[in-house]
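Below is one structure; the comments refer to it alone.
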Amino acid sequence: MVRIMPISDSPWAPTGFGTNTRNIASIFAEEGHTIGYGGCQNPKHDPAWETPWPLGQEEKKVSMEMLPMMHPGEEKFGEKSFPQWVEGFKPELVFTHLDIQMFDYVTHHKQPPVVNIPMMDDKGKWQTQQQFVRLSRKAYKMGQKPRFKIASIIPMDGQPSIPGWQRTLEQVDFPVSMSKYGQQVLLDDFNGYKSTCIPHGVETDFFKPRDIPKPSDAFVIGCVARNQHRKNIPRLMRAFKIFVERNNLTPDDAKLMLHMHWEDHMGWNINYMSSDHVYDIKDYLVPPTMGNLEKGEHPDDDGMVDIYNMMDVHALPTGGEGFGIPTVESMSCGVPNVITNYTTGYELVGADTPECPPEMLFPHGEDGGGDLIESDRGFLVPYKDMMWDTPIRAAPMRALWDEQKAADAFEYYYKNRDVCKSHGENARKYAIKHYDWMKAVGPQWKKFIRTVEKNL
């Protein structure tokens, strides 16, 4: 058995990272491994030896040590306490689930490549997860303890890749990709870098169709996402406006349901963008129906199932995804998807199987090209242009989906409800077959940890 320290930013957060990390920790604990949990941003949950973890939607008690990290401003993100926790727990394996730009494992490289400016203080000091791991590894190298090994999920949500990441990747002993797209990017961009591909999963016995009241009798296009630039929410609003104007639809006919913070410093002011100053669709909007997101009150998984079931279509105008948990969760609830044909869009919504050929994972080029693609469970929207994720070009380029073609997809589903329903049914079948936590994804993680155990 292995002593494993999972490290994640906000492991309790209702995000893709949070959900997946908790599920993986549960899988490892089920296999008998000892888990000591570290989190970069602790939302003040009490440490516990017996913590309920949802697995198969049963309340299972998993014995583990909870090692919460400090809040920003307290010991510089746990700079002093993290090595102490490592020293006390004595992990054999550190398991990370972080954006690649949030850590750098190279102990002698004091100034890692600048890939995310806000994560550095005014003196140029790197303030994120990599600092913790580097400090603890440095202690091990000084002979205090045997060196632990690192398993890491490496999200790839666009191209071009940053060359400086090569040095970071070389320090990962057991790399994992979340998608076939990400696996192929690592192969292509980093000298044949090989990783194990294990997708995110969904509990399909829980995320399933329900007969619940909808916000109205209107046709509901929904989106579950963080309100940030990468998600391209204004392009969804623009596509929706084109759709309703083409068909002379009133707010009684169609609704746009945006489950996200309506104000976010990393995104847009939804109230302003929907006003008559910009898109003039305020009367068509359905606000978050459960919880006060602006106050940090998020619905639980049961609430999220209801939210997905209020939708006729789930739409994601993303500029790039490392995976896309809301896409798979909505599919599991029997909802078809309209998603940008970039990064993981094709293998989730367009391909016959996630094992699609590499050339199909990069269907167009920088100019997008192509046309609207219909699969048996949704539509892939071509992108008509690309833009840099940051002004300093220190991140991948993002796809800008074609609003006119997205509106075409909405119109087709609106006028062909039987096809919409059929695509939703097919989407659920695909999610069950390829992304069910218990039957499809969990066994892959069990196989992975057994391989790691043999190679420690």
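Here residue 343 meets the list (1) part of a helix (DSSP H, G or I); (2) surrounded by 14 or more Cβ atoms within 10 Å (Cβ to Cβ); (3) polar (S, T, N, Q) almost entirely, failing just condition (1).
Yes/no matrix, rows are residues, columns are (1) over 17 Å from residue 225 (Cβ atoms); (2) modelled with pLDDT of 95 or more:
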{"position": "285", "(1), (2)": "no, no"}
{"position": "292", "(1), (2)": "yes, no"}
{"position": "306", "(1), (2)": "yes, no"}
{"position": "322", "(1), (2)": "no, no"}
{"position": "325", "(1), (2)": "no, no"}
{"position": "331", "(1), (2)": "no, yes"}
{"position": "334", "(1), (2)": "yes, yes"}
{"position": "343", "(1), (2)": "no, no"}
{"position": "348", "(1), (2)": "no, yes"}
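Being outside the structural domain of residue 396 (by TED's automatic domain parsing), of a type outside the set (Phe, Trp, Tyr) and not in a helix (DSSP H, G or I) is true of residue 158.
Within region 190-204, the set of residues being touching a strand residue (DSSP E or B) at 6+ places or on another chain (Cβ under 8 Å) and assigned to a loop (DSSP other than H, G, I, E, B) comprises 193, 194, 195, 198, 201, 203, 204.
Against the numbered list (1) more than 25 Å from residue 321 (Cβ to Cβ); (2) at pLDDT 95 or above, residue 280 comes up short only at (2).
In summary, strands (runs of 3 or more DSSP E) completely within region 372-446 and bearing 1 or more residues that are charged (D, E, K, R), free of Cβ contacts under 8 Å to residues at least 24 places away in the same chain and not assigned by TED's automatic domain parsing to the domain that holds residue 161 occur at 383-388. Looking at this structure, is residue 232 surrounded by fewer than 21 Cβ atoms within 10 Å (Cβ to Cβ), modelled with pLDDT under 95 and in the same structural domain as residue 413 (by TED's automatic domain parsing)? Answer is no for this residue. When region 172-189 is filtered for residues that are part of a loop (DSSP other than H, G, I, E, B) and surrounded by fewer than 18 Cβ atoms within 10 Å (Cβ to Cβ), only 173 remains.
Inside region 229-254, can you point out the residues that are more than 20 Å from residue 318 (Cα to Cα) and not in a helix (DSSP H, G or I)?
Filtering region 229-254 down to residues more than 20 Å from residue 318 (Cα to Cα) leaves 244-254.
Within region 229-254, 247, 248, 249, 250, 251, 252, 253, 254 qualify.
Every residue in region 185-238 that is of a type in the set (Phe, Trp, Tyr) and in contact (Cβ under 8 Å) with a residue 40 or more places away in the chain, please. Write out each step before concluding.
First pass over region 185-238, keeping only residues of a type in the set (Phe, Trp, Tyr): 190, 193, 206-207, 219.
Selection gives 206, 207, 219.
The values are calculated or read from the model by the stated rules, or taken from the named source; none is laboratory data. What you see is a predicted model; the values in this text were computed from it and never measured. So basically every Cβ, Gly included, is an ideal-geometry build from the backbone, and we count neighbours across all protein chains shown.
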